[in-house]
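Here the structure comes first, spelled out in structure tokens, and everything after it is commentary.
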Amino acid sequence: MQKGRVIQSTGSWYHVDTGDEIIESRLPGRFRLDEKEVTNPIAVGDYVEVSMNDDSTGSIETIGDRENYITRQATHGKRGEQILVSNLDQACVVQSIKKPKLKEGFIDRFLVTCEAYEVRATIVLNKMDLAKSGGLKKAEELKQLYEDIGYTFITTSIENEESLEGLKQLLKEKTSAFIGPSGVGKTSLVNAIDPEYNLKVGDISDFSNKGKHTTTFAQLIPLSFGGYIADTPGIREFGLVNIEPWELSLFFPEMLEPRKNCKFNNCTHNHEPKCGVAEAFENGEIAASRYQSYLNMLDSL
Ligand code: GDP
Ligand code: ZN
């Protein structure tokens, strides 16, 4: 048996990375119908054990428990959810200080999604080379705000080597996803810290195109300095998952304590009397931008 990690799936074949080689593996039929709530029994990111066949392909024998996973609604009229990727160490929530304009609401929305998926989030504020004094001040304020809540916050620029080194240290030996709106520099950042990255993305896509079913499942792209990037359009744009209004504040870490003081168990913290969260906001313990993001998201649920 070989231990490895599924780094790509083409529908019927799974590419299992053992660290030394990539074994093209199949999944014995007995696994297929086991899990009902998800449409794919094995996901990119899963840790597996593989037995070797005579033709040097593999058969997946065991699947490790998943620490976390990101899903999307199954396509093609299938019911249930499809796992895009599992066992993520972190999601890097990327915004740019300008071009496109910084949107704090975006950061908060992505953070809520990360919390709901139980994926650690790191905030990356990019294009700092474009910042003037107002932008630098804003970046400082945001760093303070998000670090106080408990998130890691870094500023970057593809033109600043030192900042790229910081990003590299964050990604080293970890499995990370980059999420955020298009144009903020997600691709540029990864290419700046690993020039081979783009070539690998190309390689892997070409490979799967030769298969019968070209799927848009995630793939894990190895970083030359160790670690993986989970790469898929579905991840980059991942949105709000299904959350009930009364649950939303569970995904704002700084609201967890104050909400214990709410009179109602199912308080949504926008109109109810004796609300611990509204109180904490009035006392300045919850930032105005965060409370506003909370109310905006509540509206959209
Ligand atoms: P993505 O859609 O998030 O992957 O964004 P891209 O990586 O494609 O970058 C969008 C544009 O922003 C490109 O023209 C990049 O050259 C530019 N860009 C990315 N990072 C930086 C940066 O740190 N500073 C500046 N000035 N431009 C950047
Ligand atoms: Zn409340």
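The values are calculated or read from the model by the stated rules, or taken from the named source; none is laboratory data. As the structure is a computational prediction, the values presented were derived from the model and not from experiment. Note: ideal-geometry Cβ built from the backbone for every residue, glycine included; neighbour counts use all protein chains shown.
On the stretch given as the range 69-112, residues that are touching a Leu at 6+ places or on another chain (Cβ under 6 Å), under 23 Å from Ala43 (Cα atoms) and modelled with pLDDT of 90 or more total 0.
If I filter the range 124-138 for residues that are modelled with pLDDT of 95 or more, within 21 Å of Ser249 (Cα to Cα) and surrounded by 16 or more Cβ atoms within 10 Å (Cβ to Cβ), do I get at least one hit? Give the steps one after another, and end with the answer.
Here is the first cut: in the range 124-138, the residues modelled with pLDDT of 95 or more are 124-138.
Filter once more, so that each one left must be within 21 Å of Ser249 (Cα to Cα): none.
Checked the range 124-138: no residue is modelled with pLDDT of 95 or more, within 21 Å of Ser249 (Cα to Cα) and surrounded by 16 or more Cβ atoms within 10 Å (Cβ to Cβ).
Quick check on Glu279: is it free of Cβ contacts under 8 Å to residues at least 12 places away in the same chain and not assigned by TED's automatic domain parsing to the domain that holds Leu145?
Numbers: free of Cβ contacts under 8 Å to residues at least 12 places away in the same chain: no; not assigned by TED's automatic domain parsing to the domain that holds Leu145: yes.
So Glu279 does not fit the description; no.
So is Gln95 within 15 Å of Phe178 (Cα to Cα) and either among the basic types (Lys, Arg) or surrounded by fewer than 19 Cβ atoms within 10 Å (Cβ to Cβ) (or both) or not? Against the criterion (within 15 Å of Phe178 (Cα to Cα) and either among the basic types (Lys, Arg) or surrounded by fewer than 19 Cβ atoms within 10 Å (Cβ to Cβ) (or both)), Gln95 does not qualify.
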